[in-house]
Every structure is written in C-alpha cells, then in structure tokens.
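Structure, as structure tokens:
Just so you know, all these numbers are worked out from the coordinates, no wet-lab data involved. Model, not experiment: these values are computed from the prediction. Cβ sites come from the backbone with ideal geometry, for glycine too, and all protein chains shown count toward neighbours.
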Amino acid sequence: MAKHNDRKKISYPGLALFLVISAINTATADGTGKVVFEAQCQSCHDLTEKAPETLKQLWERKGPDLSSAGIKYKSAWLNEWLQNPTRIRPAGMFYGNHIKTGKKTDVVDPSGLVNHPRLSSEQASQVVEMLMTLKRNENLVTSGEYRPGSIPMMLGEMMFDKFKGCLACHQIEPGYGGLSGPEMYTAANRLQEDYLISFMRNPQSWEPKSIMPNKNLKETDLQKLVHYLRALSKEKFQ
Ligand code: HEC
Ligand code: HEC
C-alpha cells in the first residue's frame with residue numbers, strides 16, 4: 001500500500017511537467033509564424049485590409065493580398081519562394097511607377113524596384129504554416145474543379161496570345177509578354193489549379209478593381225488554359 005502511494009507521488013509531477021511542456025510546444029507551433037509575420041511582413045501585407053475600392057487604392061497597395069493564401073498558393077512553392085524570392089510582377093505592384101518608354105515598346109525601369117525580404121528555412125516553415133490557414137473567399141473556389149489534362153503547347157500559346165489577348169499583360173517567358181500583370185511562366189507552380197480556374201472565370205470577384213478583363217471564358221477554355229499554364233511551368237527558362 002505504502003509503495004503504491006509513493007509511485008503516485010512520483011508520477012503526478014511527471015505527468016504535470018509533461019503536460020506543461022506539450023502545451024508550450026503547441027503554443028509555439030501555432031504562434032511563431034504569426035509573430036514573425038507581424039514583425040516582418042504585415043507592414044506590406046495587411047491581412048485585415050478591405051479589397052481596394054478605387055484604382056488609386058489598388059495602386060497604393062504595398063504587396064499582394066495574402067488573406068486567401070491557404071486556397072491560393074501551393075505550400076511547397078511558398079516555402080521555397082520565401083527563402084529565395086524571385087520577381088513575379090516584372091514592374092512591381094503598380095507598373096505605372098516602374099515603366100519607361102523604350103525605343104519600340106515600354107521597358108521596366110528597375111531602379112525603384114525593391115527586392116523582397118528573405119526568410120530562413122525555419123522561419124519560412126513557420127510562416128507558411130500560418131499562411132495556409134488563411135482562407136478568405138473560400139466560397140469562390142470549388143475543390144477538385146480542375147480536371148488534369150493536356151493541350152499541345154502551340155495551341156495553348158495561340159489561345160493565350162492571339163485568341164484571348166492575355167499576352168498583352170502577362171509574360172510567358174522571362175522578357176516576353178506584357179508587364180502589367182504577374183508573370184505566367186511559374187503561375188502553375190505558385191498557384192493552386194482550382195484557384196486559377198476561379199480567378200480567370202471572374203477576376204473582379206477576387207479583385208474588384210482588377211484591370212484584367214473578364215473575357216467570359218467558357219468552362220472548357222478555363223480548363224485548357226490551366227493545362228497550358230501547367231505545361232508552361234514545366235519548361236526551364238534561364
Ligand atoms: C517592403 C514590403 C514587403 C515586405 C516587408 C514583405 N513583402 Fe511580400 N511582397 C511585397 C511585394 C511588393 C510583392 C510582389 C513581388 C513581386 O510581384 O515580384 C510581395 C510578394 C509576396 C508573395 C507572393 C504573392 C503573390 O501573389 O505574388 C508572398 C507569398 C509574400 N510576399 C509574403 C511575404 C512574407 C511572408 C513577408 C514577411 C517575411 C513579406 N512578404 C514581407 C512586399 C513586401
Ligand atoms: C489588361 C491586362 C490583363 C489582361 C489582358 C489579362 N490579365 Fe491576367 N492579370 C492582370 C493583373 C494586373 C493581374 C494581377 C491581379 C489583379 O490585379 O487583378 C492578373 C492576374 C492573373 C492571374 C492570377 C495570377 C496571380 O498571381 O494571382 C491569372 C491566372 C491571369 N491573370 C490569367 C490571365 C489570362 C488567362 C488572361 C487572358 C484570358 C489574362 N490574364 C488577361 C492583368 C491582365
């Protein structure tokens with residue numbers, strides 16, 4: 001009997017200590033990404049910001065909206081990019097600030113463009129974990145809507161360029177295509193397929209003041225454009 005009581009005395013503090021340690025562990029797993037984000041990211045990516053209601057507000061934005069990150073980005077890309085950011089919008093958030101007239105066409109004036117902050121791999125994982133919980137506009141995305149398939153590269157490019165006029169604003173390889181929208185040669189690595197469909201179907205439902213025209217694309221064309229973007233993202237450009 002006495003022996004039994006002794007065992008209890010030893011095991012209860014042990015259990016309590018275990019519980020305290022695991023509580024601290026879960027707290028840091030949930031909270032560190034948020035702490036890093038508030039310190040290093042929030043000044044340019046305001047998660048509580050309302051969608052810009054005027055073009056001026058849109059163009060004053062310091063960074064893209066991340067409040068839909070969990071239904072928008074592929075987490076592997078996010079993790080990689082935060083450690084090693086590359087330029088996505090060739091002329092920055094508002095191209096009007098970074099474009100000058102060249103001999104034949106507009107060219108980017110890189111002098112005012114800032115390089116994106118970098119994270120360590122540990123911080124990147126923490127921030128990605130936090131970002132992937134953010135799902136504003138979840139109702140606009142239908143999970144599994146994209147059905148994998150393929151399209152001949154030539155046909156995809158004709159569609160993107162000649163038939164739908166997308167090339168005017170988007171690059172399909174570095175240095176080739178328009179400057180006012182995000183580059184498209186890594187779009188399918190960056191963005192979830194079901195989000196791509198939703199955004200292309202109705203850009204203004206995501207970004208009310210978007211300059212991207214709603215071309216009333218047919219459902220089959222939406223699928224084909226994603227086939228094309230996926231093929232494009234597999235090509236290796238310098
Ligand atoms: C000085 C302002 C600034 C700070 C600070 C900043 N960002 Fe950004 N961020 C930008 C801009 C500008 C872009 C657009 C870059 C481009 O298109 O090339 C961007 C792009 C991104 C993207 C890609 C989004 C997309 O849809 O293209 C992610 C993800 C991102 N930032 C996350 C972060 C995180 C996480 C932090 C904190 C570690 C952070 N940013 C800090 C300005 C900032
Ligand atoms: C007048 C310029 C313009 C044209 C034309 C245009 N876009 Fe866009 N597109 C943009 C801009 C700017 C964005 C960035 C988001 C925003 O501001 O709405 C964008 C965003 C996108 C995105 C989401 C990218 C991201 O990183 O979130 C996709 C996908 C896309 N466009 C595909 C297309 C396709 C396909 C076409 C042709 C049917 C097209 N765009 C035509 C300007 C344009």
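For this structure, a couple of remarks:
- Where only alpha carbons of region 136-238 are counted, the Rg and the Dmax (Å): 13.0, 38
- Amide H partners (placed H, <5 Å) of Y73, local residues excluded: Q192
- Whether region 28-86 is rounded, prolate or oblate, judged on the alpha carbon gyration tensor where a/c under 1.5 counts as rounded: prolate
- The relative contact order of region 62-190 comes to 32 percent, based on Cα pairs under 8 Å that sit 6 or more residues apart.
- Ranking of D161, D65 by count of other Cβ atoms within 10 Å, fewest first: D161, D65
- Residue of V128, V114, V35 that the Gaussian network model of the chain assigns the largest fluctuation, springs spanning Cα pairs under 10 Å: V114
- Remark: S68, S150 ranked as S150, S68, counting other beta-carbon atoms within 10 Å and listing the fewest first.
- Ranked by the mean number of other Cβ atoms within 10 Å per residue, highest first, peptides 69-80, 205-216 order as 69-80, 205-216.
- Model label zone, T86; criterion: amide N under 20 Å from point 7 Å along Cα-to-beta-carbon; scope region 217-238: 226-238
- Checking the cross-link pairs K56/K104; K162/K215; K34/K135; K56/K218 against a 22 Å limit on the alpha carbon distance flags K56/K104; K56/K218 as lying beyond it.
- Note on E157/K218: beta-carbon distance plugged into 1/(1 + (r/R0)^6) with R0 of 22 Å gives a FRET efficiency of 0.75.
- Once the convex hull of all Cα atoms in the chain is built, its volume per residue stands at 182 Å³.
- Global geometry of region 67-178, whether rounded, prolate or oblate, following the gyration tensor of its Cα atoms and the 1.5 cut on a/c: oblate
- Trypsin sites (Lys or Arg not before Pro) restricted to DSSP loop in region 79-179 with at most 11 other C-beta within 10 Å: K103, K104
- Gaussian network model of the chain, Cα within-10 Å springs - most flexible of L155, L131, L66: L155
- Helix-only [θ]222 nm of the chain, DSSP H runs n ≥ 4, -39500 (n - 2.57) each, per residue, nearest 500: -13500 deg cm²/dmol
- ³J(HN,Hα) computed for each position of region 179-185 - Karplus, 6.51 cos²θ - 1.76 cosθ + 1.60, integer Hz, glycine/proline x: 10, 8, x, x, 5, 9, 6
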